[in-house]
Each structure stands twice: as structure tokens, then as C-alpha cells.
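Below: the structure, in C-alpha cells.
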Amino acid sequence: MGQSQTPLKKFVRITGVRAGRYVEFEFSVNDADLTVELILPLAAFEEFCTLQEAVRLPPAEEGASELEKLVWRSRQPGLLRRVQSTSDEELPRPPRQ
């Protein structure tokens, strides 16, 4: 069988912060209705997004303030700027659950 040459679109949406150290997020590939929930330390989350070339969607409202605290504690304030800059573009968005 031949494989499709269409590139996969990958998305992440931060849904929260756990124990002040871990980023909770949803990851989806091509199908916004099908997501998997993952938890990674902030540095591993950054690496995951880079390796997957995932588009970062705006964080869920309920987790945004905790994420902001985590980002500043870890001295990586650019994370929120990168998330917000991609949200300014017109992107398909997975539904919130």
C-alpha cells in the first residue's frame, strides 16, 4: 500500500499544571476530535513540541494562571509568548472537553 505524502498536522493545548512542576496537555494529530492527554515536565514538554513540530493552541482558561506561574518559576517566560503568537494565526482548534 502507498503512503500519503500529506504532512500530518499536530496540535497541543495546555490544560493545566500539576504539582507546580508538570504541564498537562492534550495532543492531537489531524483529527481534532481525537486527543490524548499527556503530562510532562516543562523542559520535556518544550522538547516534545519541537520534535513533533506541533502547533501550540492557547491554553485552557482554567490552567492559564497556573501555567504562567510555572513558566516564571522555571525562567522560561518565552513559552507563553510562543503560545500566544500561534493563537493569533487562524488555526483549526480541537474542541475543549
- Could you tell me whether any residue of segment 12-21 is closer than 13 Å to Val55 by Cβ, of a type in the set (A, V, I, L, M, F, W, C) and part of a strand (DSSP E or B)? yes
- Tally of residues being in contact with a strand residue (DSSP E or B) (Cβ under 8 Å, 6 or more places away or on another chain), of a type in the set (A, V, I, L, M, F, W, C) and touching a residue at least 12 places away in the same chain (Cβ under 8 Å) across segment 18-47: 10
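Only the coordinates and a few stated rules stand behind these numbers; no lab work does. It should be emphasised that the depicted structure is a prediction, and the values quoted were computed from it without experimental measurement. FYI the Cβ positions are ideal-geometry reconstructions off the backbone, even for glycines, and counts take in every protein chain you see.
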